[in-house]
Amino acid sequence: MTTSILSAKDLERLRRISVEGAYAAERALHQFTGVGVRLDVAAVSSVDLADVPALLGGPEAPVVGIHLKVFGECRASVFLALPPRTALKVLAILFPPGAAGIDELSEMEVSGLMEMGNILTCAYLNAMSAALGMSLIPSVPMFASDMAGAVVDVLLIEQGQRADAALVIHTEMTAEPDLKGQLLLMPDPASLPRILEALAEGPEP
């Protein structure tokens, strides 16, 4: 199944639903961190698998990543990518004074980052689930710290088994002081017909 079955109108509907998810995630992150966070849906589009790492700054960009799988009526992968500097600043907020470096994270600090990814993703998916009228169930979060090309390999392998391109909902995260990140939601190609059905049943944009 290819991403071409989604029309421009379908992508716009999905973008609007994704914006609802982003608003919900903003509120949840603010409650978790005490920091005002902004999430902007940058694009909902078909992206060649080889180009996905470019969304995170390029294959050699260092990232701290939180990965969750999505089950239920739609299968997908969610990946929260933070620059190491942002991850350390988040940890300084959650566990002052924070860690000295990404390579020196304690088990509690890794768990804190995974919980942040879990809270963000659950809020995002719950809003999208309500709008689409389908169950979206997140897995336990997984942690990785490496170059962008390496940490997204698993996602790309899973997608590449079924297609050469992926539908990517790309959301940018920004906050003060100088916090930023990227959230990628990539539905499984086999789930696209179910998404299309849910979009067709929804109200016109």
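Before moving on, here are some points about what is shown:
- Residue list for the stretch 73-105, restricted to those being in a strand (DSSP E or B) and not polar (S, T, N, Q): 76, 78, 79, 80, 81, 82
- Selection of first residues in the stretch 139-153 that are modelled with pLDDT of 90 or more and of second residues that are among the hydroxyl-bearing types (Ser, Thr, Tyr) and surrounded by fewer than 15 Cβ atoms within 10 Å (Cβ to Cβ), restricted to Cβ pairs under 6 Å at least 6 apart or on distinct chains, gives an empty result.
- For the stretch 4-33, taking the residues that are at pLDDT 90 or above and among the β-branched types (Val, Ile, Thr), the one that is surrounded by the most Cβ atoms within 10 Å (Cβ to Cβ) is identified as 17.
- Checking each residue in the stretch 34-72 for being buried (at least 19 other Cβ atoms within 10 Å of the Cβ) and not in a strand (DSSP E or B) picks out 52, 53, 55, 56.
- Restricting the stretch 87-110 to residues that are closer than 11 Å to residue 179 by Cβ and touching a residue at least 24 places away in the same chain (Cβ under 8 Å), the residue that is surrounded by the fewest Cβ atoms within 10 Å (Cβ to Cβ): 93
- Condition met for residue 117 (closer than 28 Å to residue 60 by Cβ, out of contact with any helix residue (DSSP H, G or I) (no Cβ under 7 Å at 6 or more places or on another chain) and buried (at least 18 other Cβ atoms within 10 Å of the Cβ)): yes
The values are calculated or read from the model by the stated rules, or taken from the named source; none is laboratory data. Here the structure is a predicted model, which is why all the values come from computation and not from measurement. Please note: Cβ atoms are built from the backbone with ideal geometry, for glycine as well, and neighbour counts cover all protein chains shown.
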